[in-house]
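Take a look at the structure below.
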Amino acid sequence: MSKILAADIGGTNMRMAVVSQSAVGAVIEHEYRAHVALSEYRAPSAAAAETYVIQVISEAMRPILQQHAITAVGVGFPGFFDADGETLLASPNLPQLKHVRLASRLSDQLSCVVRMQNDALCAALGEWRDGAGKGQTDLLHVTLGTGVGGGLILADSPFVGQHGMAMELGHVRTACGELARMCGCGGSGCVETYASAQGVLKSYQLACGDEHGSSVTDTAQVAELAKDGDAAALHAFEQAGCHLGKALAHVVTLLDLRTITVSGGLMGAWDLLHPPLMASLNEHVIPMLQGQVVVLPTLLSDQAGLLGAAELVRMELVRRT
Ligand SMILES: [Zn+2]
């Protein structure tokens, strides 16, 4: 099979990779980065927003496609797509874009086969195909970073749901009552408000009693403090693990999954997160599944999303043959 261009698009950055298939799986041959100002751009109309996004993505990709003679593109994007990976149904970063045939328009611009899908679902595809979830029929993959995301593979296929929003794990409620934290989704008590990078930082600052004035401003610092035995920092990761374990227990009780994989910016603190996560998962899951679930760190570092985007379009190419 010929080479594929994979892309992982965020609000401000776009990572791209030329991916080829070897006997042992997908291999990233070249990596590229481009700055994109998608989350900062305010378009005068929905049509202008659509044109802008197509233009930004296609301009970044075109020279790479020409240099490597590539004819298939897979894209992970922060939004909700239909099952075909053709139509962007909605995007929190770009609220003007609704029901846009983004993949088709990019395909026309680039003269390539293009498939797009939710970024967390692409990470799930990557981990399932080439990473810690390899060989599993069903897999939940969790992304832990600025938010908490989830991607679900069921019966060897990506599962998107009716509105492209399947496994919005970050917004499973794990706290209620007056003290439940407010979430960007409009709800409160969502697991993301405790187990994301911002959530860990907030837990640390609250435990310090210095929510606004703390000199600690990122989770890497909190992790260092925790490793030195700082009680507030240890508490912050304990909280994150407990809430995430509770959310995962609900998913496992509903779907009877055996394997869950995790990637993202918080993986540097995996040793701090994993013990409370497993204790909480086993405490909250249906008793018959206690001890039956493994939660594994990624084997793909930060490349799960890129490899999954490549897998997305590879599956489409296989389907066409
Ligand atoms: Zn929420």
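Give me the extension gain from SER39 to GLN221: residue separation times 0.36 nm, minus the current Cα-Cα distance, reported in nm with one decimal.
Going from the current span to full extension adds 62.8 nm.
Can you pull the semi-axes for segment 192-274, root of five times each eigenvalue of the Cα gyration tensor, sorted largest first, whole Å?
Over the Cα atoms of segment 192-274, the ellipsoid semi-axes are 25, 13, 10 Å.
Over the chain, what is the relative contact order in percent, taking alpha-carbon pairs closer than 8 angstrom and at least six residues apart?
19 percent
Need the C-alpha centroid separation for segment 297-312 versus segment 221-264, integer Å.
Using only Cα atoms, the two centres lie 21 Å from each other.
Compute the distance from the alpha-carbon center of segment 108-152 to that of segment 1-38, in whole Å.
What the calculation gives is 13 Å, centre to centre.
What size of dipole, in debye to the nearest 20, comes out for the chain about its Cα centre when the only charges are +1 on Lys and Arg C-beta atoms and -1 on Asp and Glu C-beta atoms?
780 debye
Let me have the 222 nm mean residue ellipticity of the chain computed from DSSP H runs of 4+ only, each contributing -39500 (n - 2.57), with the sum over all residues rounded to the nearest 500.
It comes out at -12500 deg cm²/dmol, rounded to the nearest 500.
Take the Cα gyration tensor of segment 134-297, multiply each eigenvalue by 5, square-root it, and list the three semi-axes largest first, rounded to whole angstrom.
27, 17, 14
Arranged from highest to lowest average of other beta-carbon atoms within 10 Å per residue, in what order do the peptides 27-38, 246-257, 188-199 appear?
In descending order of packing, they fall as 188-199, 246-257, 27-38.
Of all beta bridges DSSP finds with both residues in the chain, what is the antiparallel percent, to the nearest 5?
Counting DSSP beta bridges with both partners in the chain, the antiparallel share is about 60 percent.
What is the distance, in nm, between label points placed 7 Å from the Cα along the Cα-to-Cβ direction at THR146 and at HIS68?
2.5 nm
Which helices count as membrane-span-like in the chain under these terms: full DSSP H, at least 15 Å along the axis by C-alpha, Kyte-Doolittle mean of -0.5 or more?
Membrane-span-like by this rule: 46-68, 119-130, 197-208, 231-255, 270-284, 304-320.
Based on the alpha carbons, how large is the Rg to Rh ratio for segment 13-113 when Rh follows Kirkwood?
Rounded to two decimals, Rg/Rh equals 0.98.
Once the principal axes of the Cα atoms of the chain are found, what is the range along each, listed largest first in whole angstroms?
Per principal axis, max minus min of the Cα coordinates gives 55, 45, 36 Å.
Percent antiparallel among DSSP beta bridges with both residues in segment 134-297, to the nearest 5?
Rounded to the nearest five, the antiparallel share is 55 percent.
Quick one: length gained pulling ASP271 to SER104 fully straight, 0.36 nm per residue minus the C-alpha distance?
55.8 nm
Give, in nm to one decimal, the length gained when the segment between ALA175 and LEU317 is fully stretched (0.36 nm per residue of separation minus the Cα-Cα distance).
Going from the current span to full extension adds 46.8 nm.
Each reported figure results from applying straightforward, stated rules to the coordinates on display, with no laboratory input. It should be emphasised that the depicted structure is a prediction, and the values quoted were computed from it without experimental measurement. Glycine gets a Cβ as well: all are built from the backbone with ideal geometry, and neighbour counts include every protein chain shown.
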